[in-house]
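Engineer: Quick one: structure below, then a few questions.
The numbers here are math on the coordinates, done by the rules we state, and not lab data. It should be emphasised that the depicted structure is a prediction, and the values quoted were computed from it without experimental measurement. Cβ placement follows ideal geometry from the backbone for every residue including glycine, while neighbour counts extend to all protein chains displayed.
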Amino acid sequence: MGTMAFGGDADAAESARMFRAARDAGINFFDTADQYNAGRSEEILGELIRGGRDELVIATKCFNPTGTEVNARGASRRHVRRAVEASLKRLGTDRVDVLFLHHYDALTPLDEHMRALEDMVRAGKVLYPAVSNYSAWQTQAALGHQELHGWARLQAIQPMYSLVKRQAEVELLPMAQANGVGVIAYSPSGGGLLSGRYADPAAQGRHTTNKMYKVRYAESWMHDTATKLVAFCKQRGWHPISAAVAWVGAHPAVTAPIIGARNLEQLRASLDAVKIALTPELRAEITALSRNPPPATDRSDEASK
């Protein structure tokens, strides 16, 4: 479960209700980040995990700005160390199970990104290093640096992946499978687009008010896919969000999708994804509602082979 809404769209009380529902459903992996609501997400999650810390896998991220100071960002050894120490304090724990570098830092050598993670592993403050939003070549290069130096290996990546964001299928997911790296995919519902609610021109939400989401999901075919998914699910008595999450989770490279919500009512549809037995044939039917991403090379003629 992703906790981006904790301390933002969801206050402490609503966050607690969602946390309990997730635990009741068997979820033990919770994902946060130091930037989420200026650290408040980590603080709320830290309060909720007290008394049951050892039963949980806690992941957080660093990279994005945590202040106005020029070095309060990035993947330098300096920032990663300071960011991890601050996250541990907010979470009220002595270690994070998984630390994701939130984005690739083009201003810092890749070797330093990986050394920063290694420092935290050696200090016992991070158990498993990971990266989020890295490209396939960046991830593969990172693994190469770690192997060269004998450092702790990346254990997970966190790419965006949904029925309307399938670029990860081209190189990221095959790369992860080839290297035995876990995949914790985020935004499986397309930020709520696949609920179908935005088919109503009067609908209000992040896709109408948040510039990032408006740009990310601007293409008309994405909205067409959402409409098709809603119709497909209506015939089967499914909530489209349940199907969207199940579709992501059924990819053989995906370890688990990250589900999130602003309130408990929204969360229930994602939790119900486990009720859908998505066979390869059924997944293929849902895949056909979407647009295939272009191949990794210009040999598009080979895609039909």
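Engineer: As an exercise: evaluate Trp238 against (1) more than 15 Å from Ala288 (Cα to Cα); (2) under 23 Å from the mean Cα position of the chain (by Cα); (3) in contact (Cβ under 8 Å) with a residue 24 or more places away in the chain and give the number of the one condition it does not meet.
Structural biologist: Status for Trp238: all satisfied but (2).
Engineer: Taking Leu289, is it assigned to a helix (DSSP H, G or I), surrounded by 16 or more Cβ atoms within 10 Å (Cβ to Cβ), touching a residue at least 40 places away in the same chain (Cβ under 8 Å) and aliphatic (A, V, I, L, M)?
Structural biologist: no
Engineer: Got a sec? Which of Val248, Val230 is of a type outside the set (Ser, Thr, Tyr), in a helix (DSSP H, G or I), in contact (Cβ under 8 Å) with a residue 24 or more places away in the chain and farther than 19 Å from Glu169 by Cα? Please lay out each step first, then the result.
Structural biologist: Working: Val248 fails: farther than 19 Å from Glu169 by Cα.
The unique qualifying residue is Val230.
Engineer: If you don't mind, another one. Looking at this structure, is Asn64 in contact with a Pro (Cβ under 8 Å, 6 or more places away or on another chain) and in contact (Cβ under 8 Å) with a residue 24 or more places away in the chain?
Structural biologist: Working: in contact with a Pro (Cβ under 8 Å, 6 or more places away or on another chain): no; in contact (Cβ under 8 Å) with a residue 24 or more places away in the chain: yes.
Considered against the rule, which asks whether it is in contact with a Pro (Cβ under 8 Å, 6 or more places away or on another chain) and in contact (Cβ under 8 Å) with a residue 24 or more places away in the chain, Asn64 comes out as no.
Engineer: Out of the residues in segment 41-74 that are hydroxyl-bearing (Ser, Thr, Tyr) and crowded, with 21+ Cβ neighbours inside 10 Å, which is nearest to Thr108 (Cα to Cα)?
Structural biologist: In this case the residue turns out to be Thr60.
Residue-by-condition table, conditions (1) touching a residue at least 60 places away in the same chain (Cβ under 8 Å); (2) among the charged types (D, E, K, R); (3) in a loop (DSSP other than H, G, I, E, B):
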{"position": "Ala38", "(1), (2), (3)": "no, no, no"}
{"position": "Gly51", "(1), (2), (3)": "no, no, yes"}
{"position": "Ile58", "(1), (2), (3)": "no, no, no"}
{"position": "Gly74", "(1), (2), (3)": "no, no, yes"}
{"position": "Arg78", "(1), (2), (3)": "no, yes, no"}
{"position": "Arg81", "(1), (2), (3)": "no, yes, no"}
{"position": "Glu85", "(1), (2), (3)": "no, yes, no"}
{"position": "Leu88", "(1), (2), (3)": "no, no, no"}
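Engineer: Would you mention how many residues in segment 109-133 are closer than 16 Å to Ser76 by Cα and outside any strand (DSSP E or B)?
Structural biologist: Residues meeting the conditions: 13.
Engineer: Taking the criterion of being of a type in the set (Ser, Thr, Tyr) and under 21 Å from Ile259 (Cβ atoms), would at least one residue in segment 106-121 satisfy it?
Structural biologist: No, segment 106-121 contains no residue that is of a type in the set (Ser, Thr, Tyr) and under 21 Å from Ile259 (Cβ atoms).
Engineer: For segment 1-29, which positions are assigned to a strand (DSSP E or B) and either in contact with an Asp or Glu (Cβ under 7 Å, 6 or more places away or on another chain) or more than 23 Å from Ala185 (Cβ to Cβ) (or both)?
Structural biologist: Correct list: Gly2 only.
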